[in-house]
Amino acid sequence: MEERERHIATRQNEPIRLQEYGVGIFSSITTKTGLKKAINKGLITINNEIATTANYIQEGDLIVLHIKKNELKNTPLKVSLLVRYEDEHLAIINKPAGIIVSGNKHRTIVNALSYNLKRSGQKDVLINPLPVHRLDFPTSGLLMIAKTNFSVIALSDLFATKKITKTYHAVSIGSMKTEGKIESTIDGKKASTYYQVLKSIKSTNYEFLNLVRLLPETGRRHQIRLHLSRIGNPILGDTTYGIKGKILSGKGLYLHATSLEFEHPVTKDIVLISEDLPNKFLKIFGQTECFSS
């Protein structure tokens, strides 16, 4: 087997089993069922030992997801991606909406990476480049990719220790405060998101449409979508967490990952990559201001 993804366990307030802690820590496993299947197949190790569903997680544990060698030779997906940054160690691509990051289907970002990225010349080059975080199927924007084993570890550590600043922009519906911090648990874990309304316009169907800048301080599954929904301002086009009777169909989800800022794990330079808003955002609010800053 070959290593696919790894994660360093963070501090927990109380003992927690792998099958609860591990949901969402790997970009290629997003459900509890998928995690349990991987554990039962012997594809997950904890500190280099095969994991079981009975294992408890402690701070600092090295949790690794492996992949069988015969699964490594995936046929590249010939879908062009916009590469916003690339060097020998990592890359940042603009993920289109409507495609999953990874999974059992062929049409995934993971399968398209080798077609779009240059192979690293480093000794610890990954056979297949790997995303080190997730974006939901309907979400577009910046996604960070590791090209070497060292980068997988280093970038995962940066995310775990909250040393990567992620900025999103969304269009929310309804009247809302100018700014605030949403603190609401997700799957029993602490989650917090800071938001700032940049512009609001009146809407016949939605009362108001708001251009919102969001900085999630944690990285729970569907965090931004859930948090905005819980304060009564769901994201336009959210068919899962939207308000019944006020769900826009056919235009997709108005949520875009607009910037990533971090210290490069090798060069130690500060890297800041920003992405423009999609045209569908600009059609609502115009182009009179720099919304991605």
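Laboratory data are not the source of any read-out in this text; all were calculated from the coordinates shown. Computed from a prediction, not measured in an experiment: that's the story for all the values here. Methodologically, a virtual Cβ is constructed for each residue, glycine included, from the backbone with ideal geometry; neighbour enumeration extends over all protein chains shown.
What the table shows:
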{"item": "Residue list for segment 242-281, given a label point 7 angstrom along the Cα-to-Cβ vector of Ser184 and an amide N cut-off under 14 Å", "result": "242-244"}
{"item": "Cα principal axis extents for the chain, largest first, Å", "result": "57, 42, 36"}
{"item": "Centroid-to-centroid separation of segment 248-263 and segment 157-203 [C-alpha atoms, Å]", "result": "12 Å"}
{"item": "Per-peptide average of other Cβ atoms within 10 Å, ordering 154-163, 130-139 highest first", "result": "130-139, 154-163"}
{"item": "Segment 74-161 - Kirkwood radius from inverse mean 1/r over Cα pairs (Å)", "result": "13.0 Å"}
{"item": "Candidate aspartates and glutamates for bridging to Lys32, where Cα separation is under 20 Å - those fewer than 8 sequence places away on the same chain excluded", "result": "Glu5, Glu14, Glu20, Asp61, Asp136, Asp187"}
{"item": "Sites matching trypsin sites (Lys or Arg not before Pro) across segment 4-45 that sit in DSSP coil, with at most 16 neighbouring C-beta atoms within 10 Å", "result": "Arg11, Lys41"}
{"item": "Square roots of five times the Cα gyration tensor eigenvalues for segment 1-135, Å", "result": "28, 15, 15"}
{"item": "Loop GluC sites (Glu not before Pro), segment 152-256 (other Cβ atoms within 10 Å of the site Cβ: 16 or fewer; DSSP)", "result": "Glu217"}
{"item": "DSSP-loop GluC sites (Glu not before Pro) across segment 15-62, with at most 13 other Cβ within 10 angstrom", "result": "Glu59"}
{"item": "Residues of type lysines that Lys37 reaches as a straight line, Cα spacing below 28 Å, ignoring anything fewer than 8 places off in the same chain", "result": "Lys68, Lys69, Lys73, Lys95, Lys105, Lys147, Lys189, Lys190"}
{"item": "For segment 109-235, convex hull volume per residue from C-alpha positions, Å³", "result": "129 Å³"}
{"item": "Segment 85-205 - percent relative contact order, Cα under 8 Å, separation 6 or more", "result": "22 percent"}
